[in-house]
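Engineer: Here's a structure for you.
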Amino acid sequence: MSDPTTAPSEPPAAPAAATAVLEAPHGVGTFDAEGNYVPRQITDQDIEDQYLEDAYTASMVQVEDGQIVAGKVVKVDRDEVLLDIGYKAEGIIPSRELSIRNVADPGEIVTLGEEIEALVLQKEDKDGHLILSKKRAQYERAWGNIESVKENEGTVSGPVIEVVKGGLILDIGLRGFLPASLVELRRVRDLQPYIGQTLEAKIIELDKNRNNVVLSRRAWLEETEKEQREAFLDNLKPGERRSGVVSSVVNFGAFVDLGGMDGLVHVSELSWKHVDHPSAVVQVGDEIEVQVLEVDLDRERISLSLKATQQDPWQEFASSHQVGELVYGRVTKLVPFGAFVQVGESIEGLVHISEISSHHIDLPEQVVTPGEELWVKIIDLDINRRRISLSIKQAAEGGVVAAEFQEHFGEHAYDDEGNYIGGVTGDVAADQDEAWAEYYSDEGEAIAAPPTGAEDHEAATPAPELEGGDDGADAAVDAAGASVPEDAELAEGPIAEETPEPV
């Protein structure tokens, strides 16, 4: 047994393993001398070789054919553009895939450093290149937008990039066709001035399978200008006259731009005369004055008249002529019951067969022929029905000659009442004497010399015709104091056309 007063002995020493520094597994932190954990310091690019390839692959953009990607233009060449989209190599955009426009220089479409979208055409071609298309990406984006616009009855806008047969091509992200008839409210013949202009239009037809987009600027104009048109039509009243420009000529008439809207002048309203075709009266670009006939607010149509602004030739004729007057005319047409005679501009009257001759005839051609010019008397004037009745046989009885013919043949040939009294003046008689004297001088003594003195003047002056046939003619000869051989024939027939004289 030990002594309790004896001091205790020293404790046993700690095992050696308890004081050793713990080592951490590979790739993690360590412990210090006191046993505290020290984390491993992380540095840039601290990736072990076995993980480097996987990490590089994970950092690249994943692309598939038909995918739309975004990137930065890093190079612009004459025939291609390089686009950095974060792929293992830059994507190539051939020049033909840059735009829907026919542009030869890629520098006119993109610039260096520009951010653009492109569609993956081929993930890897035979040379391992990534082939992209900028215009296809625009096309896909545009279709989604256009379908939404059409569904909401909205509008699209874009610059005019090309003039094609029948219309214009607009760049609306894809090629939109705008027919020439739908460019303006009225058809435009010259489309070249629209190149480069930005136009707004509505979508009227859409077919993605056929890549077909048809636009209408006229529909947009009609919609936006509806209030203006309504105000224009409200202020347009039938009967008023407006100035306008002929915008187009068609078989059935002519359209006239009144300054915002077109009105139609039907062919029957172009002239008081018969019109074979409207182009014989008006041409595109002519400035004319028209009268408003009708305004259709519901259909927004305006009916116009050109002839209403001109004097009615029938009214003009009626105001300057009266029943009983003699007028000079030309036979235009023969019919079984008479003959039509033109007596003024677009004015024709009828000579009934009973008024052609004083004796009975079976057919008008027995007395008159088309183209013949003669005197007729107005025996009836019906301006409301636009009919004039004329008489040839009554014209032979004499009467008052219409004023315009008095001016034509000379006022000296008529008395104060307008009756024809002859057109031979003293000067004319002297000229006739000289002419006859020369005639007899040339013919020699074979022809008897004419009487002299006062009898000479009487014989040279034609006597007026009298009724009564040969007896009347004999009386006229006796009154003139001249003898006629028994075998001489009396002159008959119409008055010569070149010197028409009323009886």
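The values are calculated or read from the model by the stated rules, or taken from the named source; none is laboratory data. Predicted model, so just to flag it, every value in this text is computed and none were measured. Neighbour counts are summed over all protein chains in view; Cβ atoms, including those assigned to glycine, are modelled from backbone coordinates with ideal geometry. With ligands, DNA and RNA removed, areas are computed over all heavy atoms of the protein, side chains included. Shrake-Rupley method; radii C 1.70, N 1.55, O 1.52, S 1.80 Å.
Engineer: Roughly to the nearest percent, how much of the accessible area of region 167-269 is carbon and sulfur, given a 1.4 Å probe?
Structural biologist: Carbon and sulfur atoms account for 46 percent of the accessible area of region 167-269.
Engineer: Please state, rounded to one decimal and in Å, the Kirkwood hydrodynamic radius that region 75-233 gives when every pair of distinct Cα atoms enters the mean of 1/r.
Structural biologist: About 17.5 Å, per the Kirkwood formula over Cα pairs.
Engineer: Can you work out the FRET efficiency for the pair R241 and A403, with r the C-beta to C-beta distance and R0 = 30 Å, to the nearest 0.05?
Structural biologist: The formula returns an efficiency of 0.45 here.
Engineer: Any lysines with Cα under 21 Å of the K333 Cα? List them, leaving off those in the same chain fewer than 8 positions away.
Structural biologist: Within the straight-line limit of under 21 Å, K333 reaches these lysines: K273, K377, K393.
Engineer: Roughly to the nearest percent, how much of the accessible area of region 279-369 is carbon and sulfur, given a 1.4 Å probe?
Structural biologist: Within region 279-369, the accessible surface is 46 percent carbon and sulfur.
Engineer: Continuing with this model, one more query. Please give every one of the lysines within straight-line cross-link reach of K208, meaning a C-alpha to C-alpha distance under 30 Å, and leave out same-chain neighbours fewer than 8 residues apart.
Structural biologist: K72, K123, K134, K135, K150, K165
Engineer: So for region 200-247, what are the equivalent ellipsoid semi-axes in whole Å, largest first, each being the square root of 5 times an eigenvalue of the Cα gyration tensor?
Structural biologist: 35, 12, 7
Engineer: Next question. State in Å² the accessible area per residue of region 141-185; use a 1.4 Å probe, count heavy atoms of protein chains only, and round to the nearest integer.
Structural biologist: 45 Å²
Engineer: Sticking with this one: Full-extension gain between S181 and D32, please, as 0.36 nm times their residue separation minus the C-alpha to C-alpha distance.
Structural biologist: So the extension gain works out to 44.6 nm.
Engineer: Another question about this same structure. Can you send over the solvent-accessible area of K237, 1.4 Å probe, protein chains only, in Å² to the nearest 10?
Structural biologist: 120 Å²
Engineer: Still on this structure, please answer the following. At 20 °C and 1.002 mPa s, what whole-number value in µm²/s does Stokes-Einstein give for the translational diffusion of region 106-198, with Rh from the Kirkwood sum over Cα pairs?
Structural biologist: Answer from the Stokes-Einstein relation: 137 µm²/s.
Engineer: Could you bin all the Cα-Cα distances of region 114-159 into 5 Å bins starting at 0 and give me the percent of pairs in each, rounded to whole numbers?
Structural biologist: Final binned percentages: 5, 18, 18, 18, 15, 11, 7, 5, 3, 0.
Engineer: For the residue pair D125 and K75, what label-to-label distance in nm results when each label sits 7 Å from Cα along the Cα-to-beta-carbon direction?
Structural biologist: 1.4 nm
Engineer: Quick check: convex hull over the Cα atoms of region 244-387, volume per residue in Å³, rounded to an integer?
Structural biologist: 139 Å³
Engineer: Using a 1.4 angstrom probe, figure out how much accessible area region 295-344 has per residue, in square angstrom, rounded to the nearest whole.
Structural biologist: Accessible surface, normalised per residue, equals 50 Å².
Engineer: Hey, got the Cα dimensions of region 174-257 along the principal axes, in Å, largest first?
Structural biologist: 53, 28, 27
Engineer: Any idea what diffusion coefficient region 250-313 gets from Stokes-Einstein, in µm²/s, Kirkwood Rh on alpha carbon pairs, 4 °C, 1.567 mPa s?
Structural biologist: Taking Rh from Cα pairs, D becomes 108 µm²/s.
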